[in-house]
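Chemist: The structure follows.
The values are calculated or read from the model by the stated rules, or taken from the named source; none is laboratory data. Bear in mind the structure is a predicted one, so any value in this text is a computation, not a measurement. Reconstructed Cβ throughout: ideal geometry from the backbone, glycine too, with neighbour counts over all protein chains shown. What goes into the accessible areas is simple: the full protein's heavy atoms, side chains included, and nothing from ligands, DNA or RNA. Shrake-Rupley method; radii C 1.70, N 1.55, O 1.52, S 1.80 Å.
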Amino acid sequence: MLIGQVTVTRQAPGAQAPLSGSDGCADTGETIVLTAKAPANFKLTGWTGDAAELCDAGSGTCTIGKLSRDLVVAATFTIQSFKHPGLLSTAADLDRMKAAVLAGTAPIADDYQLMLRANSGLAPTPAQLDAGARITYAARPQATICRGSNCPSGANAQYLWWDVNAVQVLVYQWKMTGRREYADAAVRILNAWSGKLTKLDGFFDGFLVAGIQGYQLAVLGELLRDYDGWGRDDFSAFKTMMNTVFVGWAKWFIGMNQGGLSTARVFSNWDLAMENCLLANAVLADDVDMFNWVVDFYVRGTTNGALANYAYYRHPGNLVQTQETGRDQGHNTLSLMLASNLAEMAWNQGVDFYGWDDNRLLGTAEYVARANLINPATGLYYAVPFQFWQNMDWPDTQSGFSTGAIGLLRPEWTVIHEHYVKRKGLAAPYTAAMMQRVGNEGGPSGSASGAYDGLGYGTFLYTRPAAAAPLAIAPSLSGRAREGAAELSWWGSAGARSYDVLRAGQSGGPYAPVATGISDLPTYLDRPAQGGEYYYVVVGRDASGSTTNRSNEVRINTGAAKLRATLNFGSDTGSYEHDPASGRVVGRLVGGAARVTSKLGRAVDLDGKTGAIELPDEILRSTGDFSFATWVYWRGGSGNQRILDIGINSTRYMFLTPSAGGALKASISLYSWAYDGQDAVTAPALKTNEWHHVAITLSGTGCATSSGPLCAAGQGGNTMTLYLDGKQVGQTRGVLFTPGDLGYTRNNALGRSQYTGDPLFNGMLDDVRFYDGALTAAEVVTLYQQR
């Protein structure tokens, strides 16, 4: 599922300029035309925001008359057809590679030569692998492939990965030279396996074969699909083998078909391997439903292979800690390789996993690269911050960075670097340093399974021409308030060597520098002398002093808490609730939700069956210190009803419930409700059938490091406080997380849990408020006394 571009064309006199972006806004009193834009192989599946009640769900263009209020819209798309070839190499990629090989352009041609000299396991030595020997390569198909120690007749998976490597060399030789004999040899190998392989074995290790070799074979079959020497019956037999032997195992493992093993929350590389297999085979088989399922699972899923859980925690400077960081660096780099392959295949079909949630994948690459590089100034590995990690369904923890296999050089860095630096113009300094450290990536060889985790030869496959204007992209800035300070992080511009941070007291400036010459991690913590609202931008400089354009402007409130959004249910009459101050959509009433007159005035009544209020995506984006307050009338019933639930899924969330285990409870977690006690605050359960004012606040500095479920000694952390009817009834210090740590939240609601097994809220809500900043105890009392 994608949120696509919407163009809003203003038709009012003097306001003809279109506004484009992931959402659109138009001023009141204007007639507008909404046009949903997406690649040709996608279809519009619906409008969101105000447009959902004003536009035909299947219409790509919608004209709306004069508005009485601002309009906020987005459009949702799903893929409906595929580009071929369209996995790790497109037709344009092959043309680029061929031109470089023919011209002898380094490093592409050099890495290609490494491919031609590759040794596939039991094949002859590299010196004997001339064109004739490669063309006569003999396949070694097996009826059953078993990997690992749980193999009754011994492991034999090496025969499959050796033959996959041979097919890769043959396919790319055909693409580079046009000689049919290479394609014929590749087809013979694939046909041999299609005619014999019926089963995988080895349990967990067998699933790795399903995922890793499953996606690799699909990638190579995709490149051969246009070869007229591969008979249609043979191609169909190949796809049947892929579906029955590989895809079936991957589906079962990841839970696409009832249950599955990934519900046990295995490490991220397992699920990422399955996602690679399913997405690659969806393209190979033109299976639109499976492709869209993988896309939705990757951005919404609850397992460790979903992006938010794999890319577990974003530290200042956009260093994103990965799920296997505390396990060992061999598996940590494997997960990154698989996530990068998945992103490249999705990109070639028009889906941007690379950019999802503010380039979250780039953050993982920078973190992993930095952690596995030696700092030339000290001769030691660079330090990286670490946040305590708890697995989701059983008490498996990681309390610190693992140095196991540190410094491992996997052939995976070029694809990441070339996308972010060459395609997008962003800086990726540690990724670039690791790519340089690896050199020409080369490919698999020998008999160890780890060497065949990837297809390799990334220098040949992915190297792109240098960016024409390295400073063309301005830095991209984000920030949040942390206990009176402004915590800033940014994505830099390719070509910039240092950055200046500028601050203003009003939007648009004038700006004054507060820090200059920042050349390492792109982050800065600003502590203004006086609290208040400040506006920040960042400028990049290259070695000569030339500068980028200013970044986007970020507003941060370092002073008293300020309203972010309000739902008062007093003026709107339709399904949508608008913030009284800004006019923006802040909620949508669904199911059995209705505005009513109550003792306090206007309120929303939720029936406990279908009623809820859906909140906007990312309603608490980039939030550090924050507050939430509302009046609540609870009719009682089963526990775990939700007053508020915000997050991505049932493992990354913030919620407030009137009763959980007999307690009024607020919690925020990045792993699971089963282990959220350390990041929760509780009080006696809310009394039923009477109005109460409930508020939660959170403020703090976060943890520089955390070796346990609370911040380490002296590391501060966050303080979460719970108020009932103006009085503090609970407080927890050392809380690890803030709402801004959750990531791209899309499952946000009042009255409904993200966990489908929880009951819906039965009662009324009124005067719902979200704040930037933590309310003081006195301010909470004032809110309570107003009613």
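Chemist: Find the residue count for region 252-272, including only residues that are modelled with pLDDT of 70 or more, assigned to a helix (DSSP H, G or I) and under 20 Å from the mean Cα position of the chain (by Cα).
Modeler: Matching residues across region 252-272 total 6.
Chemist: Would you call Ser638 in a strand (DSSP E or B), of a type in the set (Gly, Ala, Ser) and open to solvent by 10 Å² or more (accessible area, probe 1.4 Å)?
Modeler: Criteria not met by Ser638.
Chemist: Would you confirm whether or not region 169-182 contains a residue that is closer than 24 Å to Ala273 by Cα and of a type in the set (Phe, Trp, Tyr)?
Modeler: yes
Chemist: Can Gly456 be described as out of contact with any strand residue (DSSP E or B) (no Cβ under 7 Å at 6 or more places or on another chain), in a loop (DSSP other than H, G, I, E, B) and touching a residue at least 12 places away in the same chain (Cβ under 8 Å)?
Modeler: So Gly456 fits the description; yes.
Chemist: Tally up the residues in region 580-592 that are at pLDDT below 85, out of contact with any Gly (no Cβ under 7 Å at 6 or more places or on another chain) and open to solvent by less than 40 Å² (accessible area, probe 1.4 Å), please.
Modeler: Number of matching residues: 1.
Chemist: Tell me yes or no: at least one residue of region 593-600 is open to solvent by less than 10 Å² (accessible area, probe 1.4 Å) and either free of Cβ contacts under 8 Å to residues at least 12 places away in the same chain or touching a strand residue (DSSP E or B) at 6+ places or on another chain (Cβ under 9 Å) (or both).
Modeler: For region 593-600, residues open to solvent by less than 10 Å² (accessible area, probe 1.4 Å) and either free of Cβ contacts under 8 Å to residues at least 12 places away in the same chain or touching a strand residue (DSSP E or B) at 6+ places or on another chain (Cβ under 9 Å) (or both): absent.
Chemist: Still on this model: I'd like to know if region 397-410 contains one or more residues that are closer than 14 Å to Asp520 by Cα and either under 19 Å from the mean Cα position of the chain (by Cα) or buried (at least 19 other Cβ atoms within 10 Å of the Cβ) (or both).
Modeler: Checked against the condition, which is being closer than 14 Å to Asp520 by Cα and either under 19 Å from the mean Cα position of the chain (by Cα) or buried (at least 19 other Cβ atoms within 10 Å of the Cβ) (or both), region 397-410 yields no hits at all.
Chemist: So Gly611 passes all but one of these: (1) closer than 30 Å to Asn718 by Cβ; (2) buried (at least 20 other Cβ atoms within 10 Å of the Cβ). Which condition number does it fail?
Modeler: The failed condition is (1).
Chemist: Taking region 738-770 on its own, how many of its residues are over 26 Å from Val781 (Cα atoms), open to solvent by less than 20 Å² (accessible area, probe 1.4 Å) and either outside any loop (DSSP other than H, G, I, E, B) or not hydroxyl-bearing (Ser, Thr, Tyr) (or both)?
Modeler: Residues flagged as over 26 Å from Val781 (Cα atoms), open to solvent by less than 20 Å² (accessible area, probe 1.4 Å) and either outside any loop (DSSP other than H, G, I, E, B) or not hydroxyl-bearing (Ser, Thr, Tyr) (or both) within region 738-770 amount to 4.
Chemist: Hey, can you tell me all the residues within region 211-251 that are of a type in the set (S, T, N, Q) and under 28 Å from the mean Cα position of the chain (by Cα)?
Modeler: Gln213, Gln216, Asn243
Chemist: For region 538-554, what are the residues that are surrounded by 15 or more Cβ atoms within 10 Å (Cβ to Cβ) and not aliphatic (A, V, I, L, M)?
Modeler: Matches in region 538-554: Gly540, Arg541, Asp542, Thr547, Thr548, Arg550, Ser551, Glu553.
Chemist: Taking the criterion of being β-branched (Val, Ile, Thr), at pLDDT below 95, open to solvent by less than 10 Å² (accessible area, probe 1.4 Å) and part of a loop (DSSP other than H, G, I, E, B), would at least one residue in region 340-351 satisfy it?
Modeler: Looking for residues that are β-branched (Val, Ile, Thr), at pLDDT below 95, open to solvent by less than 10 Å² (accessible area, probe 1.4 Å) and part of a loop (DSSP other than H, G, I, E, B), one finds at least one in region 340-351, hence yes.
Chemist: One residue is enough: does region 282-293 have a residue meeting the conditions outside any helix (DSSP H, G or I) and open to solvent by less than 40 Å² (accessible area, probe 1.4 Å)?
Modeler: So far as region 282-293 goes, no, none of its residues is outside any helix (DSSP H, G or I) and open to solvent by less than 40 Å² (accessible area, probe 1.4 Å).
Chemist: Something else now. With the checklist (1) touching a Gly at 6+ places or on another chain (Cβ under 7 Å); (2) open to solvent by 60 Å² or more (accessible area, probe 1.4 Å); (3) part of a strand (DSSP E or B); (4) among the aliphatic types (A, V, I, L, M) in hand, flag the one item Ala560 doesn't pass.
Modeler: Answer for Ala560: the failing condition is (3).
Chemist: Restricting to region 360-394, name every residue that is of a type in the set (Asp, Glu) and farther than 24 Å from Ser489 by Cα.
Modeler: Asp393 - this is the single residue of region 360-394 that is of a type in the set (Asp, Glu) and farther than 24 Å from Ser489 by Cα.
Chemist: Related question: Is it the case that Thr303 is on the phi < 0 side of the Ramachandran plot, at pLDDT below 90, out of contact with any His (no Cβ under 8 Å at 6 or more places or on another chain) and outside any loop (DSSP other than H, G, I, E, B)?
Modeler: Here the answer is no, as Thr303 does not meet what is asked.
Chemist: Follow-up. In region 374-387, which residues are in contact (Cβ under 8 Å) with a residue 60 or more places away in the chain and either open to solvent by less than 10 Å² (accessible area, probe 1.4 Å) or in contact with a Lys or Arg (Cβ under 7 Å, 6 or more places away or on another chain) (or both)?
Modeler: Val384, Gln387 - these are the residues of region 374-387 that are in contact (Cβ under 8 Å) with a residue 60 or more places away in the chain and either open to solvent by less than 10 Å² (accessible area, probe 1.4 Å) or in contact with a Lys or Arg (Cβ under 7 Å, 6 or more places away or on another chain) (or both).
Chemist: Being under 20 Å from Ile108 (Cβ atoms), open to solvent by 10 Å² or more (accessible area, probe 1.4 Å) and among the aliphatic types (A, V, I, L, M) is the filter here; which residues of region 428-460 pass it?
Modeler: Within region 428-460, Ala432, Met435, Val438, Leu455 meet the criteria.
Chemist: Read through the list (1) over 30 Å from Val768 (Cβ atoms); (2) modelled with pLDDT under 95; (3) surrounded by 15 or more Cβ atoms within 10 Å (Cβ to Cβ), then give the number of the only condition that Phe569 fails.
Modeler: Answer for Phe569: the failing condition is (1).
Chemist: Another question, if that's okay. Could you look through region 516-530, keep only residues that are touching a residue at least 40 places away in the same chain (Cβ under 8 Å) and open to solvent by 60 Å² or more (accessible area, probe 1.4 Å), and pick out the one that is nearest to the chain's Cα centre (by Cα)?
Modeler: Leu525
Chemist: Only residues that are without any contact (Cβ under 8 Å) to a residue 60 or more places away in the chain and in a helix (DSSP H, G or I): list them for region 433-453, please.
Modeler: Scanning region 433-453 gives Met435, Gln436, Val438, Ala451.
Chemist: In the set Arg327, Arg360, which member is basic (Lys, Arg) and open to solvent by less than 10 Å² (accessible area, probe 1.4 Å)?
Modeler: The conditions single out Arg360.
Chemist: Just the residues that are in a loop (DSSP other than H, G, I, E, B) and over 28 Å from the mean Cα position of the chain (by Cα), please, taken from region 531-557.
Modeler: Gly531, Gly532, Asp542, Ala543, Ser544, Gly545, Ser546
Chemist: Need pairs with beta-carbon distance below 6 Å; first residue under 16 Å from Asp453 (Cα atoms) and within region 139-159, second of a type in the set (Ser, Thr, Tyr) and part of a loop (DSSP other than H, G, I, E, B); sequence gap 6+ or separate chains.
Modeler: Listed pairs, sorted by first residue: Gln158/Ser447.
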